[in-house]
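Notes follow the structure.
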Amino acid sequence: MDGILTGADGELFEEMGERPKQLMRHAYKEPRALGDDANLWSLANMMETLEKNFAHTMRINERREYHEGMSWVKTRLFETHHREYENFVQLPGESVDSMFSHFQSIMNKMRKNKLQLPYDDHERALKLVHALDRRVWEIKVAAIIESPNYETLTVDELFSKLKSTEIDLQSRAKVENPSAPTMAHVSGSVG
């Protein structure tokens, strides 16, 4: 029975409701228990429809995997995401968490289409430093660039520095004006 209710990869047909599944299981165990021929005919039609839908879904998935796996498609997707990487900047009011999440999403898309990325961790950290909104981060960026570990800065180190500064700025803003929206409130509406 599992061969009827499952696909080649073992997934249950999600499109089926629970009642048709129960009928099919019952009919498989006790074919005559359903009663008249109309119920059996209905069950046979349902099974035939499910098999056609499953075969169609499998063909679509095979085509998608084939085309997405072709080298020219991967190259084109990588180029698209590479442009997105090159044009990446922090949006006004965007939090550090949101910015890093967006950046990591771009990196994952690039990595999906090319296993060896053209940038190491330090180069990605520098990209993020120069993508920061200078109206908010100008002093911090200057301090990072002038720091002794600038030549070995990693993305994780940069995130820690920026996140701690963001928390300090939010705390100070809340103390100075408790009724004013903080960066966290503003950034929640972006991205």
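Would you confirm whether any residue within segment 155-162 is farther than 27 Å from His82 by Cα, surrounded by 14 or more Cβ atoms within 10 Å (Cβ to Cβ) and free of Cβ contacts under 8 Å to residues at least 60 places away in the same chain? The answer is no, given that none of the residues of segment 155-162 is farther than 27 Å from His82 by Cα, surrounded by 14 or more Cβ atoms within 10 Å (Cβ to Cβ) and free of Cβ contacts under 8 Å to residues at least 60 places away in the same chain. The residue list Arg76, Arg134, Arg111, Arg83 contains one member that is at pLDDT 80 or above and either closer than 21 Å to Tyr150 by Cβ or β-branched (Val, Ile, Thr) (or both), which is Arg134.
Quick check on segment 116-127. Is at least one of its residues modelled with pLDDT under 90 and among the basic types (Lys, Arg)? So far as segment 116-127 goes, no, none of its residues is modelled with pLDDT under 90 and among the basic types (Lys, Arg). Gly93 meets the conditions (1) surrounded by 12 or more Cβ atoms within 10 Å (Cβ to Cβ); (2) outside any helix (DSSP H, G or I); (3) modelled with pLDDT under 60 in every case but one. The failed one is (3).
Within segment 69-97, residues that are within 20 Å of Phe159 (Cα to Cα) have Cβ atoms under 6 Å from residues that are surrounded by fewer than 13 Cβ atoms within 10 Å (Cβ to Cβ) and of a type outside the set (Asp, Glu) in no pair, counting only partners at least 6 apart in sequence or on another chain.
Scanning segment 117-148 for residues that are surrounded by 15 or more Cβ atoms within 10 Å (Cβ to Cβ) and part of a loop (DSSP other than H, G, I, E, B) turns up Leu117, Leu132, Asp133.
Among all positions in segment 50-61, there is at least one residue which is outside any loop (DSSP other than H, G, I, E, B), more than 20 Å from the chain's Cα centre (by Cα), among the charged types (D, E, K, R) and surrounded by 11 or more Cβ atoms within 10 Å (Cβ to Cβ).
The values are calculated or read from the model by the stated rules, or taken from the named source; none is laboratory data. Keep in mind it's a predicted model, so treat the numbers as computed, not measured. Every residue, glycine among them, receives a Cβ derived from its backbone with ideal geometry; neighbour counts consider all protein chains shown.
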